[in-house]
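Participant: Got a structure here, written out as structure tokens. Questions coming.
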Amino acid sequence: MPCIMRLAILMTLALHPETGMGGRAKRKQRLAEDKLRPYLGRVSPEDLCDLLKCHSPIGSWCQVVSDGGGVLAPKCVCPRTCPRHVCSPVCSKRAPVCSVLGKTYGNECLLHKESCRKRHRTGLAHMGPCIVPRSVCSDVELGQFPYRLLDWFLLLSRMGGSYHSPPPPQSCLSHAQRRTLAERWFAQLDRNRDGELSRRDLRKLRYKRMPLERCARRFLQSCDTDRSRKVTLQEWTACLVDRSEIWFQDFMSVKMGSHQLCPVSQPRL
């Protein structure tokens, strides 16, 4: 595609953003495809596919298909079957590929096929197999994770604050203070204020920035003790507070908040 033509299309997309950004993905997808329609026949559909962002169906990828009138056009679709090797005209998409989750797929088609099946957007990290294999959360790391997660929440809550002396570590907080910290973060994550955390709410935890993030998904699944696919406040505090205290006492052979660790009583959050 000529550089001038490509620049013109990009400027069109930038100057006419989708209205109603909180609307449904299908509407955003239709608007994105409509913006490229004037360029059909002037620009190759393969090049237009590179400019089309797929919002719907979830997990789909852009492919060149017939619009019914014999005109080839870019469209976001979920692959039903995948050949052993998938190539663009210049074979720049040769198998295998690595996803942003650290999983290697035989080709990009297989990545999007699984994403569509799970109804979860999984981005492409790079071409070729993943250099570093996906880490597995061990039972030891899973036991430590609640304490690390509360530590992370405590750090985030203190960011931007000013202290005359260094604030106390989590191990010097009382049970009530740790429970308050957990409840505070539950309220922040509960988007629709229904008293339960869904998978959508838990995405705000930003796994990739979390200590021992490879354990995050397994930990959150273990919190859902009644298998309702949602985490209640009671399940959340039991997971974070009670399990972190159990791990700390087993590991350090001393209770959190003990005078052996914390000579100052009732430290502040």
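The values are calculated or read from the model by the stated rules, or taken from the named source; none is laboratory data. Everything numeric in this text was worked out from a predicted model, so none of it was measured. Note that we place each Cβ from the backbone using ideal geometry, even for glycine, and neighbour counts take in every protein chain shown. To get the accessible areas, we keep the full protein, side chains included, count just its heavy atoms, and leave off ligands, DNA and RNA. Shrake-Rupley method; radii C 1.70, N 1.55, O 1.52, S 1.80 Å.
Participant: What single numbered condition from (1) modelled with pLDDT of 85 or more; (2) under 20 Å from residue 256 (Cβ atoms); (3) open to solvent by 50 Å² or more (accessible area, probe 1.4 Å); (4) over 21 Å from the mean Cα position of the chain (by Cα) fails to hold for residue 148?
Facilitator: (4)
Participant: All but one of (1) at pLDDT 75 or above; (2) under 17 Å from residue 124 (Cα atoms) hold for residue 87; state the number of the condition that does not hold.
Facilitator: Here residue 87 clears every test but (1).
Participant: To continue, here is another question. Of all residues in segment 34-61, count the ones that are farther than 16 Å from residue 123 by Cβ, in contact with a strand residue (DSSP E or B) (Cβ under 7 Å, 6 or more places away or on another chain) and in contact (Cβ under 8 Å) with a residue 40 or more places away in the chain.
Facilitator: Matching residues across segment 34-61 total 1.
Participant: Next up: Filter segment 32-42 down to residues that are out of contact with any Pro (no Cβ under 9 Å at 6 or more places or on another chain) and not charged (D, E, K, R) and give me whichever is modelled with the lowest pLDDT.
Facilitator: If we filter segment 32-42 for residues that are out of contact with any Pro (no Cβ under 9 Å at 6 or more places or on another chain), which is where we start, we get 32, 34-35, 37-39, 41-42.
Next, only the ones that are not charged (D, E, K, R) stay: 32, 38-39, 41.
On the way: 32: 88, 38: 87, 39: 86, 41: 82.
Ranking the qualifying residues of segment 32-42, first place goes to 41.
Participant: For segment 151-178, how many residues are part of a loop (DSSP other than H, G, I, E, B), open to solvent by 20 Å² or more (accessible area, probe 1.4 Å) and either at pLDDT below 80 or of a type outside the set (Ser, Thr, Tyr) (or both)? Can you show your working first?
Facilitator: Residues of segment 151-178 that are part of a loop (DSSP other than H, G, I, E, B), as a first pass: 159-169, 173-174.
Keeping just the survivors that are open to solvent by 20 Å² or more (accessible area, probe 1.4 Å) gives 159-169, 174.
Pick out the ones that are also either at pLDDT below 80 or of a type outside the set (Ser, Thr, Tyr) (or both) and you get 159-169.
Adding up the residues that qualify gives 11.
Participant: Let me ask something additional. How about segment 236-246: which of its residues are crowded, with 19+ Cβ neighbours inside 10 Å and not hydroxyl-bearing (Ser, Thr, Tyr)?
Facilitator: 236, 239, 240, 241, 243, 245
Participant: Condition first: under 22 Å from residue 106 (Cβ atoms), in a strand (DSSP E or B), at pLDDT 85 or above and not aromatic (Phe, Trp, Tyr). Can you find one or more residues in segment 45-61 that meet it?
Facilitator: No, that holds for no residue.
Participant: Among the residues of segment 106-114, is any in contact with a strand residue (DSSP E or B) (Cβ under 8 Å, 6 or more places away or on another chain), outside any strand (DSSP E or B) and modelled with pLDDT under 85?
Facilitator: no
Participant: If you check every pair at least six apart or on different chains, which have Cβ atoms under 6 Å apart with a residue in segment 168-184 that is more than 11 Å from residue 245 (Cβ to Cβ) first and a residue that is open to solvent by less than 10 Å² (accessible area, probe 1.4 Å) and assigned to a helix (DSSP H, G or I) second?
Facilitator: Pairs that qualify, where the first residue is more than 11 Å from residue 245 (Cβ to Cβ) and the partner is open to solvent by less than 10 Å² (accessible area, probe 1.4 Å) and assigned to a helix (DSSP H, G or I), are 181/153; 182/237; 182/240; 182/241.
Participant: Return the total of residues in segment 71-84 being over 25 Å from the mean Cα position of the chain (by Cα), closer than 22 Å to residue 35 by Cβ and open to solvent by less than 70 Å² (accessible area, probe 1.4 Å).
Facilitator: 3
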